[in-house]
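Data first, discussion second: the structure below is written as structure tokens.
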Amino acid sequence: MGRLLALDFGQKRTGIAVTDELQLIASGLTTVSTSKLFDFLKDYVVAENVEKFIIGEPKQMNNTPSQSEALIVPFIEKLQKLHPEIPIERQDERFTSKLAMQSMIAGGVKKKKRRDKGLVDEISATIILQDYLNKIK
């Protein structure tokens with residue numbers, strides 16, 4: 001088995017989370033500037049065995065795609081061309097930013113650190129990945 005790698009794609013930053021090789025535990029990896037994301041993923045895929053990409057799917061409350069989906073679709077198309085051997089699945093990402101903030105508060109993270117949007121994105125990617133694991137297990 002290889003790792004599952006989840007992305008909380010954003011216009012400026014993308015949060016990244018991965019599983020262990022047994023696909024049991026979702027852990028935050030990092031946040032990368034979206035402009036450098038393809039380079040990061042290329043290097044990561046060379047270094048680690050990635051079985052699948054899980055990409056957050058932003059939806060409105062009525063289940064229609066949110067506006068940011070228009071940015072994600074071209075990203076996914078390019079990712080598929082660059083890594084055709086790695087399948088891509090989508091995972092509903094509604095409320096992940098809110099849940100990320102709540103988990104930081106519950107974990108005792110100081111207010112100054114909670115303002116770090118990169119940390120919120122990384123935790124959001126972890127929640128996306130954990131939700132995906134819960135769905136498939």
note = In segment 32-60, anything under 20 Å from VAL73 (Cβ atoms), in contact (Cβ under 8 Å) with a residue 12 or more places away in the chain, out of contact with any Ser or Thr (no Cβ under 9 Å at 6 or more places or on another chain) and surrounded by fewer than 16 Cβ atoms within 10 Å (Cβ to Cβ) is listed as PHE38
task = Give me a count of the residues in segment 5-31 that are under 14 Å from the mean Cα position of the chain (by Cα), of a type outside the set (Val, Ile, Thr) and over 20 Å from LYS78 (Cβ atoms).
result = 5
ask   = What about LEU119, is it touching a Phe, Trp or Tyr at 6+ places or on another chain (Cβ under 9 Å) and in contact (Cβ under 8 Å) with a residue 40 or more places away in the chain?
value = no
request  = For segment 32-55, enumerate the residues that are of a type in the set (Gly, Ala, Ser) and under 14 Å from the mean Cα position of the chain (by Cα).
outcome  = SER33
note = Of the residues in segment 115-137 that are over 13 Å from the mean Cα position of the chain (by Cα) and under 18 Å from GLY10 (Cα atoms), the one that is modelled with the highest pLDDT is LYS117
key: Matching residues in segment 44-71 - criterion: being part of a helix (DSSP H, G or I), aliphatic (A, V, I, L, M) and modelled with pLDDT under 95   = ALA70, LEU71
Selected residue (only one of LEU4, LEU37, LEU41 is touching a strand residue (DSSP E or B) at 6+ places or on another chain (Cβ under 7 Å) and part of a helix (DSSP H, G or I)) = LEU37
key: Condition check for LEU82: among the aliphatic types (A, V, I, L, M), at pLDDT 95 or above and under 20 Å from SER124 (Cα atoms)   = no
message = Report every pair of residues separated by at least 6 positions or lying on different chains whose Cβ atoms are under 8 Å apart, first residue within segment 66-88 and under 18 Å from GLY10 (Cα atoms), second among the aromatic types (Phe, Trp, Tyr).
response = SER68/PHE9; LEU71/PHE9; ILE72/PHE9; PHE75/PHE9; LYS78/PHE38; LEU79/PHE38; LEU79/PHE53; ILE88/PHE53
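The values are calculated or read from the model by the stated rules, or taken from the named source; none is laboratory data. Source: prediction; values computed, not measured. Every residue, glycine among them, receives a Cβ derived from its backbone with ideal geometry; neighbour counts consider all protein chains shown.
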